[in-house]
Amino acid sequence: MESSWDCTLETCPIEYAVFGYRPSLPANIIFTALFGLCALTQVAEMGIFRSYTFSIPVILGGICEVVGYVGRILLYDNPFSQDAFLIQICCLTIAPAFYSAAIYFCIADIVKLLGPEASRLKPHHYAWIFIPCDVISLILQGAGGGIASVASQENEDPTTGTNVMVAGLVFQVFSLLMFILLTLEFLWRVRNKRPKSISDESIKEKSSSRHQKFLLFGIPFALAILCIFIRCAFRVAELSNGWTGELIKHEDTFIALEGAMIAVSAVALNISHPKLLSS
């Protein structure tokens, strides 16, 4: 994290900034507006469906994303601002965990609908197991970020803090991968338990309404999981070489693999509301 927090655009070259670039104002305004709209949409859906365990995490995730991108807008004005840097790094780190929590609560509805007997875990155990995993990951990331920040303020090596952050991200990727594998195994078991004497076409005709509801819910739901996983893997790669690595210096990569991935997840979670399964 070799930057001077006392610099300004007038006194230092942009390469001295922590990211080595001036964040794009249009891109960050778009992300701020998009996440704000997603959060407001989820507030409306919560009022309609009364789905608090799903909606509240999605809303909190949206709020964190908005605050994080406001931090990046502030970095456009002053790329050397430590306060703006800490705002964006903290909020954008935390936000995906709230979206993950909503997904963990959602899987219970899917398991109940398709058959709890096909799942290795009881429906409510998914949230009980994986939400604490996210909490542990966030604690590691937060602690690492704090250690790195203090070290940078005192002109010391932030490597230890960065390594703790990476450990938290690796744990988040691992726990999310375990969740994905358990979900895929569950869906595979559901598929295999269908009566072999009945054709797929016959099943579709008898349960077309439920099938359509599940597809309407399941496709965006799966997309949200995949995008969050890609984002977490990207952050591991980004920080694996510390704050002077190559990936952290390219905003286009950040926009594609952080901003866009979480934006797609946020939109998908607004579309794949769990009440679609029970309506």
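Numbers below:
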| item | result |
| --- | --- |
| Positions within segment 86-125 being among the hydroxyl-bearing types (Ser, Thr, Tyr) and assigned to a helix (DSSP H, G or I), in sequence order | Thr93, Tyr99, Ser100, Tyr104 |
| Residue, farthest from Trp243 (Cα to Cα), within segment 157-179, restricted to residues that are at pLDDT 95 or above and surrounded by fewer than 16 Cβ atoms within 10 Å (Cβ to Cβ) | Met178 |
| Long-range neighbours under 7 Å by Cβ, at least six apart or interchain, first residue assigned to a helix (DSSP H, G or I) within segment 66-83, second of a type in the set (D, E, K, R) and surrounded by fewer than 20 Cβ atoms within 10 Å (Cβ to Cβ) | Tyr76/Arg22 |
| Single match in Ala95, Ala127, Ala108 (criterion: touching a His at 6+ places or on another chain (Cβ under 8 Å) and under 24 Å from Thr41 (Cβ atoms)) | Ala108 |
| Checklist (1) under 19 Å from Gly218 (Cβ atoms); (2) crowded, with 19+ Cβ neighbours inside 10 Å; (3) not hydrophobic (A, V, I, L, M, F, W, C) applied to Gly115, failing item | (2) |
| Which numbered condition Arg231 misses (of (1) modelled with pLDDT of 95 or more; (2) more than 23 Å from the chain's Cα centre (by Cα); (3) among the basic types (Lys, Arg)) | (2) |
| Checking His273 against (1) assigned to a helix (DSSP H, G or I); (2) touching a residue at least 24 places away in the same chain (Cβ under 8 Å); (3) farther than 18 Å from Phe229 by Cβ; (4) not aliphatic (A, V, I, L, M), the condition it does not meet | (1) |
| Condition met for Lys122 (without any contact (Cβ under 8 Å) to a residue 60 or more places away in the chain, surrounded by 14 or more Cβ atoms within 10 Å (Cβ to Cβ) and charged (D, E, K, R)) | no |
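The values are calculated or read from the model by the stated rules, or taken from the named source; none is laboratory data. If you're wondering where the values come from, they're calculated on a predicted model, not measured in any experiment. All Cβ positions, even for glycine, are placed from backbone atoms using ideal geometry, and neighbour counts span all protein chains on display.
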